[in-house]
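Q: First the structure, which I've put down as structure tokens, then a few questions once you've had a look.
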Amino acid sequence: MATAVTELLRRLSAGERAAFDELFPVVYNDMRRMARRQLRGERDGHTLNATALVHETYFRLAELEQVVWHDRVHFFAVAARAMRRVLIDYAEARRAQKRGGGVPVIQLDDNLKAPEQRVDQLLALDEALNRLEQHDPRQVRVVECHVFAGMSLEETAAALDISPATVSRDWTLARAWLNRVV
């Protein structure tokens with residue numbers, strides 16, 4: 001399957017837009033797993049379900065132009081960033097409906113694979129990641145791959161084309177920085 005995804009991404013990078021339509025069924029189950037993971041812990045009746053999150057993320061990916069796709073891991077790293085944006089946009093809309101409120105403290109630790117998706121927590125994490133990005137954009141990419149896409153440190157290293165040791169160091173530093181500022 002990884003070869004099929006890489007081939008479709010190669011065709012897409014070469015300008016063959018039809019490859020994007022062929023890609024969706026191939027990556028759909030993996031994207032649903034990512035989405036379910038992100039939505040775990042949400043209240044019953046949450047209006048954004050895994051299917052809607054996958055479709056919205058995929059629409060946003062389809063809007064990207066001039067991306068040179070490397071492989072399956074790179075695709076899911078970019079998808080993680082797009083999924084983060086969908087979740088943040090949704091959380092901001094929900095917060096606007098509620099007319100604000102305090103932002104609670106969240107803690108990132110080694111056992112955390114995805115933050116609880118409560119609106120305020122997600123917005124607090126996004127705000128902190130935006131601040132961190134001003135200091136170290138690579139650390140933010142590591143957090144996105146590891147937390148939002150659920151990638152292992154090795155998969156994150158491959159997606160970002162850096163060493164696993166660098167990913168481990170960036171994850172440790174980003175986690176410490178986020179825990180200090182959030």
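Nothing in this text is a laboratory measurement; each read-out follows from the coordinates by a stated rule. These numbers were taken from a predicted model, which means no experiment stands behind them. Glycine also receives a Cβ, built like all others from the backbone with ideal geometry; neighbour counts cover every protein chain displayed.
Q: Spelling out what I want: for every residue of the stretch 138-153, take phi, set θ = phi - 60°, compute 6.51 cos²θ - 1.76 cosθ + 1.60 (Karplus), and round to whole Hz; glycine and proline get x.
A: 5, 4, 5, 4, 4, 4, 4, 5, 6, 8, 7, 9, x, 6, 5, 5
Q: Next question, about the same structure. Starting from the 7 Å offset along Cα-to-Cβ, what nm value, one decimal, do you get for the label separation of Glu127 and Leu173?
A: Spacing of the two 7 Å Cα→Cβ label points: 2.5 nm.
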